[in-house]
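A.B. asks: There's a structure below that I have some questions on.
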Amino acid sequence: MREGTGRFSLWRPELGSVTVSILTALYLLALTNWSFWSKGWSYLEGRPTTFASIALGVACLYIALCVAVSLKYVMKPLFIALILASAAGAWFMDRFGVVIDIEMIRNAAETNSAEAGHLITPGFVIHMLAYGVLPSLLLIWVKVRHRTFFGKVRGNLAVIVPALVVALVAGLSHARVYAAAVRAHHDWFETLNPIVPLVTAVQFAAGQSGDLNVVAAPLGEDARVSDAPLGQRKPRLMIVVAGETARADNFSLGGYERDTNPELARKDILYFPDTTSCGTATAVSLPCMFSVYTRSDYTHRKGLATQNLLDVLSHAGVDVEWWDNNTGDKEIAKRVKEQSLIKNGNPAYCSGGECQDQVLIDALDGWIGSVNRDTVLVLHQIGSHGPAYYQRYPEAFRHFQPECRSAEFSDCTKEEIVNAYDNTIAYTDHILASVIDRLQKQEDRLDVSMLYMSDHGESLGELGLYLHGAPYMIAPSHQTHVPFVLWLGKDEKAAYSAACLEGKTREPQSHDNLFHTVLGMMRVDTTVRDPSLDIVSGCREGATS
C-alpha cells in the first residue's frame, strides 16, 4: 500500500496485529536473550530435547503475552519500549554477566552522570542502534492492520489459548529437570529479558514510593563516652575509610603475588584477610556497613527506618563528618556534617564530575590541625570503581603495564583489564598510607587510628563476569571478599594486647563488625553495641600496658 497521495508517497508494508506480535516476541527471544539461552544450554548440557522443549515453551509464552497486549494505539509504543529495554538489558547481561535485580536497579538509580557516562561507550551506542533503534524504526514503518473489537478478541484468543497450552505441556514434560536446574542455578531465569528486568523495575518503583516518607527511628540515645573527660586525656580522632570496589584477592597484604600494597606493608598495620561484605553493590553494602543490623537481618527499608553508627556517635557527643568522593552517602550522613569534595575539586585530579582520591588527602591536610574534640571522620573513596579503572589513578601509579585505557572492555585483553585494576589497588594503598602519615604527625596532641573496609569486591572476567552487583546468593567470592585494614597510633596501640589483636586477624570478620568496633574504639558505651561483634574491645581488656 501507499501512504499519502503525493508524488513522494511512502510505501509501507501492512501486517496483521497478531503477525506483528509474533515477530516481536520472536525477535526479543532470539536476539536479546543470549545470556538466557547460553546459560540454559550449559545448565542442560547433554539434554538437547529438554532444551528444545523449554525453548518452545518460553517462545509460546512470549507470543501469548505480546498478542494479549496488541491493542490499537498501545502495541507500537509498548513494543518499542520492550525492544529498547531488551537491547539495553542484553548489553549489560551479555557483556558483563550481570543480573538485573532490585539492588542492581537501585545502584543504577543512585549513581551520578559521570559514573553512568563510563557505561555509555561507543560499543553500547552501536549496540543500541542495531538492536534497539533499527527494529523500532522498522516497527514504526510497518502499518498494522487491526480487526474489529470482537474479531480481535476471537483472533487473539485463537493464538493465545493454544500457545499457553503448548507452553504448559512443554513445561510439564520435563518439569523435574527444569526444577532441578533452576534450584542449582538461580541466575538462569533471572536473565530472561526483558520480562524479569521489567518486573524488577516495577517492584523497585513500588518500593521507592514507600521509602519516601520513612523517618529513621532513634538508635543508641543512651550512648556516652566512657573514657576520662577531655583535659585529662588527648582528644581521640578516628578516620574510617569506606573503600570502593576493592577486592581482597588483589591485595598483596593477603598473599596476592603482585606487590599492590608496598606502602602499607611498611606500616605497622593489622590486616584481616578473611573479611566478607554485606552486599555486592554500593547501594546495599555502604548503608549496611554503618547500620546496627547484620547482613542476615539488614534490608534497605530497615536501613532507612533506623539511625546508624554516625547517629549513635553523635548522641555520645562525638563530632562526626562525612567527606564524599563518590556517588553520595546513601542517606547515611543526612543527620551529620557532610560534604562532597567533587564539586570544588582541584582540576589537577578532578574532571568530568569525578576526582581521584588525592582530593581527600588535600582536604585532610587543611582540616586535621583544627581537631580538638573526639572526632570520627569518614572518607568515602571512589577507589577502584569501574569500568574506567584507568581514570582512578595518576600517571605515577601506572605500575602494571600494559593497562586497559578504555571503559569498553572489548577493546582490551583480560591482562590489560587486570593491570589497570591492580593500579587502582596500588593507588588506594598510597591513599591509606597517606592518611596514616597525616595521623602520625598529630600523635603528640591526638589519640589517632584508621579503619579501612571496602564496600564490595569486583569480578575481572572470572566465570565470564565483570564489575559487581551479582545477587548475593550466587555472587562469586571476588565480589564479596573484601580488604580490611586497621592502624592504631602509639597511644591507641598501647591500650591493647598486641597478641590478642594479632589473633583477631586470623578469625573471619565481616561488615557486621564495623558498627560495633568503631563504637568500641571510640570508647562509646551503649546498649546497642554488641561486644561479640566488637573486634577490639576484648583485646583492650586484656592489655598489659
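A.B. asks: Only residues that are assigned to a loop (DSSP other than H, G, I, E, B) and touching a His at 6+ places or on another chain (Cβ under 8 Å): list them for the range 244-266, please.
C.D. replies: 244, 245, 247, 263
A.B. asks: Residue under question is residue 380, and the condition is that it be in contact with a Phe, Trp or Tyr (Cβ under 8 Å, 6 or more places away or on another chain), at pLDDT 95 or above and buried (at least 17 other Cβ atoms within 10 Å of the Cβ); does it hold?
C.D. replies: Here the answer is yes, as residue 380 does meet what is asked.
A.B. asks: Determine which member of the set 279, 328 is touching an Asp or Glu at 6+ places or on another chain (Cβ under 8 Å), part of a loop (DSSP other than H, G, I, E, B), surrounded by fewer than 22 Cβ atoms within 10 Å (Cβ to Cβ) and not hydroxyl-bearing (Ser, Thr, Tyr).
C.D. replies: 328
A.B. asks: In this structure, is residue 30 assigned to a helix (DSSP H, G or I) and surrounded by fewer than 16 Cβ atoms within 10 Å (Cβ to Cβ)? Give the derivation first.
C.D. replies: On the way: assigned to a helix (DSSP H, G or I): yes; surrounded by fewer than 16 Cβ atoms within 10 Å (Cβ to Cβ): yes.
Here the answer is yes, as residue 30 does meet what is asked.
A.B. asks: What is the number of the single condition among (1) assigned to a loop (DSSP other than H, G, I, E, B); (2) over 22 Å from residue 280 (Cβ atoms) that residue 98 does not meet?
C.D. replies: (2)
A.B. asks: Still on this structure, please answer the following. Hey, among 90, 81, which residue is out of contact with any helix residue (DSSP H, G or I) (no Cβ under 6 Å at 6 or more places or on another chain), surrounded by fewer than 19 Cβ atoms within 10 Å (Cβ to Cβ), small (Gly, Ala, Ser) and in a helix (DSSP H, G or I)?
C.D. replies: 81
A.B. asks: Output the number of residues of the range 33-50 satisfying the condition of being under 27 Å from the mean Cα position of the chain (by Cα) and either buried (at least 21 other Cβ atoms within 10 Å of the Cβ) or closer than 30 Å to residue 78 by Cβ (or both). Can you show your working first?
C.D. replies: The initial filter retains those residues of the range 33-50 that are under 27 Å from the mean Cα position of the chain (by Cα), namely 33-40, 42-43.
Still in the list and also either buried (at least 21 other Cβ atoms within 10 Å of the Cβ) or closer than 30 Å to residue 78 by Cβ (or both): 33-40.
Qualifying residue count, the range 33-50: 8.
A.B. asks: May I ask you to list the residues in the range 417-446 that are surrounded by fewer than 20 Cβ atoms within 10 Å (Cβ to Cβ) and more than 15 Å from residue 393 (Cβ to Cβ)?
C.D. replies: 437, 438, 440, 441, 442, 443, 444, 445
A.B. asks: State all residues of the range 304-325 that are assigned to a helix (DSSP H, G or I), more than 25 Å from the chain's Cα centre (by Cα) and crowded, with 22+ Cβ neighbours inside 10 Å; if no residue qualifies, say none.
C.D. replies: 312, 313
A.B. asks: Quick check on the range 106-121: of everything there that is part of a helix (DSSP H, G or I) and closer than 22 Å to residue 206 by Cα, which residue is nearest to the chain's Cα centre (by Cα)?
C.D. replies: If we take residues in the range 106-121 being part of a helix (DSSP H, G or I) and closer than 22 Å to residue 206 by Cα, then 107 is nearest to the chain's Cα centre (by Cα).
A.B. asks: I've got another one for you. Looking only at the range 213-232, decide whether some residue is touching a helix residue (DSSP H, G or I) at 6+ places or on another chain (Cβ under 8 Å), surrounded by 15 or more Cβ atoms within 10 Å (Cβ to Cβ) and over 30 Å from residue 292 (Cα atoms).
C.D. replies: Scanning the range 213-232 turns up no residue that is touching a helix residue (DSSP H, G or I) at 6+ places or on another chain (Cβ under 8 Å), surrounded by 15 or more Cβ atoms within 10 Å (Cβ to Cβ) and over 30 Å from residue 292 (Cα atoms).
A.B. asks: For the range 461-513, which residues satisfy the criterion of being more than 21 Å from residue 540 (Cβ to Cβ) and among the β-branched types (Val, Ile, Thr)?
C.D. replies: Scanning the range 461-513 gives 474, 480, 482.
The values are calculated or read from the model by the stated rules, or taken from the named source; none is laboratory data. Predicted model, so just to flag it, every value in this text is computed and none were measured. With ideal geometry, Cβ positions are generated from the backbone for all residues, glycine too; neighbour counts draw on all protein chains shown.
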